[in-house]
1. Over segment 114-237, average the accessible area per residue using a 1.4 Å probe and give it in Å², no decimals.
2. Want the number for GLN56 to ARG137: 0.36 nm per residue separation, take away the alpha-carbon distance, what's left?
3. Between LYS49 and ASP119, take the C-beta separation as r, use R0 = 22 Å, and let me know the FRET efficiency to the nearest 0.05.
4. Rounded, prolate or oblate: which fits segment 93-237, taking a ≥ b ≥ c as square roots of the Cα gyration tensor eigenvalues, rounded meaning a/c under 1.5, else prolate when a/b beats b/c?
5. About its Cα centre, how strong a charge dipole does segment 122-185 have in debye, to the nearest 20, once Lys and Arg get +1 and Asp and Glu get -1 at the Cβ?
6. Looking at this model, which pairs from LYS108/LYS198; LYS59/LYS225; LYS49/LYS176 are more than 32 angstrom apart at the alpha-carbon?
7. Find the centroid of the Cα atoms in segment 160-199 and in segment 104-150, then give the distance between the two in whole Å.
8. Nearest 0.05, what FRET efficiency do GLU230 and VAL40 give at R0 = 22 Å with Cβ-Cβ as r?
Amino acid sequence: MNVNKVVRQHLEMEQFFSGFTPKGKDRASEPQEQEDNMAVAEKTVELEKIAEQVRQCRKCDLGSLRTNAVPGEGNSNARIMFVGEAPGADEDAQGRPFVGRAGQLLNKIIEACGLKRSDVFIGNILKCRPPENRDPRAEEIISCLPFLQRQIEIIDPEIIVALGAHAAKTLLNTTKSIGQLRGQFHEYYAGIGRPPTKLMATYHTAYLLRNYSPENRRRVWEDMKKVLAELGLPVPQ
Ligand code: SF4
């Protein structure tokens, strides 16, 4: 089953009927005052609407198993959007993304980049925790991915950082391994008529914690340095 194709068709139908139109991405050709089609305040409102829909959602079985849904959080006008796999136990308990040990490591990475957590947006492919942190199932991704796709369209980040194999493979619609995908920029396609967004794939911080070798840490850091360079931000050595 082509998960991304099914989800995109679903999303396009939903947008057709809802009238929601994502902004274009040719920032360089737009006057500064028109850089964003949607003002930051409007983006925040739209994101909160999605978050509320997520909290009410029962589109897949995970909805009845969760303690809290985890819609995602952060800067509604973020230049970088981090996307992980799914909430874990800590995230399920708090209703916030990346707040456990893996989240603390992500915070350190963000700070090492010279940024604050409030500068970026952090979300997941699935908004509810799979039992025992098992892998997401195809039908769960099909049900849930439209939420993330709409968040990406509203925030319109310059770069998506896909954390781990599930996020990278889902957003790129590929079966390649994270080892093959990481370290280079790819393009995330939001659908027909929409410009692509640059996507950097790297290891999930939970994987990094389990395999905390100097080599893996160096790889993630190299990936993030490419992101900073692409954004024209200072690259710490
Ligand atoms: S995982 Fe996603 S689709 Fe499933 S119930 Fe939660 S919010 Fe809804």
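1. 43 Å²
2. So the extension gain works out to 27.1 nm.
3. Efficiency at R0 = 22 Å is approximately 0.45.
4. Rounded, since a/c falls under 1.5.
5. I would put it at about 180 debye.
6. Result: LYS59/LYS225; LYS49/LYS176 exceed 32 Å.
7. First find each Cα centre; the distance between them is then 14 Å.
8. 0.50
The values are calculated or read from the model by the stated rules, or taken from the named source; none is laboratory data. Since the model is a prediction, treat every value here as computed from it, not as a measurement. Because the Cβ atoms are built from the backbone with ideal geometry, glycine has one as well, and the counts that use them run over all protein chains shown. In case anyone asks, the SASA skips ligands and DNA or RNA and just uses the protein heavy atoms, side chains included. Shrake-Rupley method; radii C 1.70, N 1.55, O 1.52, S 1.80 Å.
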